[in-house]
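Taken together, the values in this text are just the output of simple stated rules run on the coordinates, not laboratory data. The model shown is predicted, which means the values in this text are computed figures rather than measured ones. Counting neighbours? That spans all protein chains shown, and the Cβs are built from the backbone with ideal geometry, glycine included.
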Amino acid sequence: MILKDKRILLIITGGIAAYKCLELIRRLREQGASVRPVMTEGAQKFITPLAVGALAADHVFTELFSREDEQDVGHIRLARDCDLVLVAPATANIMAKMASGLADDLASTVLLATDKPVLIAPAMNPKMWEAAPTKRNAETLRADGVHFVGPNKGEMAESSEAGVGRMAEPNEILAAVLHLMDNREKPLLGRKAIVTSGPTHEPIDPVRYIANRSSGKQGHAIAAALAALGADVTLVSGPVNISDPIGVRTIHVERAEEMRDAVLAALPVDIAVMVAAVADWRVERSQGEKIKKVPGEGPAPLTLTENPDILKTVGHHALRPKLVVGFAAETQSVIENARTKLKSKGADMIVANDVSAETGIMGGDRNAVRIISADGVDIWPDMSKEMVAEKLAAKIAAYFVIA
């Protein structure tokens with residue numbers, strides 16, 4: 001984990017978006033980071049130090065002239081004893097203090113004293129963000145090397161106004177933190193990738209559909225692993241019950257035709273990894289109303305038609321990616337069926353697995369795959385889906401190094 005044992009000093013200032021920091025702290029700690037909070041007086045008007053401290057599992061620092069805190073840690077140690085200083089929300093006021101070098105409270109003093117990377121997540125009314133002084137301050141801070149995430153466009157919490165000024169969501173801030181803290185090599189930097197994941201749902205009527213048993217765990221993990229190696233990743237996901245991967249652009253679809261259209265719209269790319277378990281068939285004409293059971297009569301007949309073959313479409317496309325990777329979920333003759341698929345789909349590599357009921361792969365957390373390519377068959381042992389994703393991403397990166 002990139003943030004394992006990393007120390008984040010989180011400065012929470014007085015904006016209504018401060019409530020998002022509770023979720024942000026949880027997400028940072030899930031990634032292995034320790035979070036030490038600093039709260040301004042204004043921040044304490046929106047969320048309590050008790051809630052922040054409970055989630056961070058650390059003392060919350062609030063006063064510059066606290067005898068206890070200054071004797072124990074002190075503002076200078078707070079400024080230095082961390083790997084990153086994160087300000088969320090960053091109000092217009094704290095940005096003005098930072099740009100001017102003011103130090104009249106604990107938060108601004110720590111920011112002036114730190115020699116660590118600083119990331120801020122601005123949050124304010126759109127008029128305040130567009131104001132000339134704020135623009136000047138933002139330019140000054142960027143020139144000083146301060147990193148920004150957001151602000152986003154949307155409705156404001158305090159009024160019916162809309163515009164740029166919403167604080168970035170916790171997952172976006174986490175992605176920015178991961179990017180800053182990731183010191184690994186980025187062999188796929190500059191490469192674009194498209195990944196499909198999850199099932200598709202083909203409607204029969206408003207309450208019924210045809211689908212495959214896919215959780216999306218493997219596809220989502222692969223998208224995240226490619227992004228971690230520097231790729232610009234677009235993930236096209238069918239209906240799943242898992243979170244979007246961090247650092248990945250995710251497009252949500254339901255039907256196979258929607259997935260195909262989203263994939264083709266993303267071309268050209270360098271890498272295509274088609275992981276999704278796309279339903280092979282759909283109902284030729286789905287019903288607008290629920291099909292009712294009629295006592296004494298059998299089920300209504302369904303006329304099925306074949307869905308688009310997304311992997312084959314990409315493998316033979318005029319804008320075919322340099323590397324096309326397909327997946328084959330089989331219950332028998334796994335390698336033989338994968339070899340057939342490799343040729344017919346125009347893929348460079350097929351990742352095949354045995355999804356028989358007893359393997360527990362569909363919907364589970366582990367996988368055992370065979371990699372079939374023109375070079376032969378590479379059999380990988382049972383491992384977590386995250387590990388499969390990391391190994392496959394490394395194999396893809398090696399392909400481009402060799403090429």
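Summing Cβ point charges (Lys, Arg +1; Asp, Glu -1) relative to the Cα centre of the chain gives a dipole of roughly 680 debye. Can you bin the stretch 339-388 into rounded, prolate or oblate? Criterion: square roots of the alpha carbon gyration tensor eigenvalues sorted a ≥ b ≥ c, rounded for a/c under 1.5, prolate for a/b above b/c, oblate for the rest. Taking the square roots of the gyration eigenvalues as a ≥ b ≥ c, the stretch 339-388 is prolate.
Scanning residues 5 or more positions from Val236 or on other chains, those with amide H under 5 Å from its amide H are Val195, Thr196, Ser197, Ile251, with H placed 1.01 Å from N in the peptide plane. Over the Cα atoms of the stretch 205-334, the radius of gyration divided by the Kirkwood radius equals 1.04; this is the Rg/Rh ratio. Once the chain from Val377 to Glu336 is taken as fully extended at 0.36 nm per residue, the excess over their C-alpha distance is 13.7 nm.
From least to most packed, judged by other beta carbons within 10 angstrom and beginning with the fewest, Met95, Met128 follow the order Met128, Met95. Only helices enter the 222 nm calculation for the chain: every DSSP H run of n ≥ 4 contributes -39,500 (n - 2.57), and dividing by all residues gives -10000 deg cm²/dmol, rounded to 500. Reported to the nearest whole Å, the Cα centre-to-centre distance from the stretch 84-134 to the stretch 212-266 is 35. Going Cα to Cα from Lys345, which lysines come in below 26 Å? Please leave out same-chain ones fewer than 8 positions away. Qualifying lysines at Cα under 26 Å: Lys192, Lys217, Lys312, Lys322, Lys385, Lys391, Lys395. Extending 7 Å from the Cα toward the beta-carbon at both Glu289 and Ala57 defines two label points whose distance is 5.7 nm.
From the largest down, the stretch 7-181 spans 44, 32, 31 angstrom on the principal axes of its Cα atoms.
How would Leu319, Leu264, Leu10 line up from fewest to most surrounding beta-carbon atoms within 10 angstrom?
Leu319, Leu264, Leu10
A P(r) calculated from all alpha carbon pairs of the stretch 76-122, with 10 Å bins opening at zero, reads 29, 61, 10 percent.
Projected label points at Glu297 and Leu50, each 7 Å from Cα along the beta carbon direction, are separated by 6.3 nanometres.
Residues Ser356, Ser215, Ser243 in ascending order of nearby Cβ atoms (within 10 Å, fewest first): Ser243, Ser356, Ser215. Summing Cβ point charges (Lys, Arg +1; Asp, Glu -1) relative to the Cα centre of the stretch 1-143 gives a dipole of roughly 520 debye. In this simple spin-label model, placing a label point 7 Å from the Cα along the Cα-to-Cβ direction at both Asp115 and Ala132 gives a separation of 3.8 nm.
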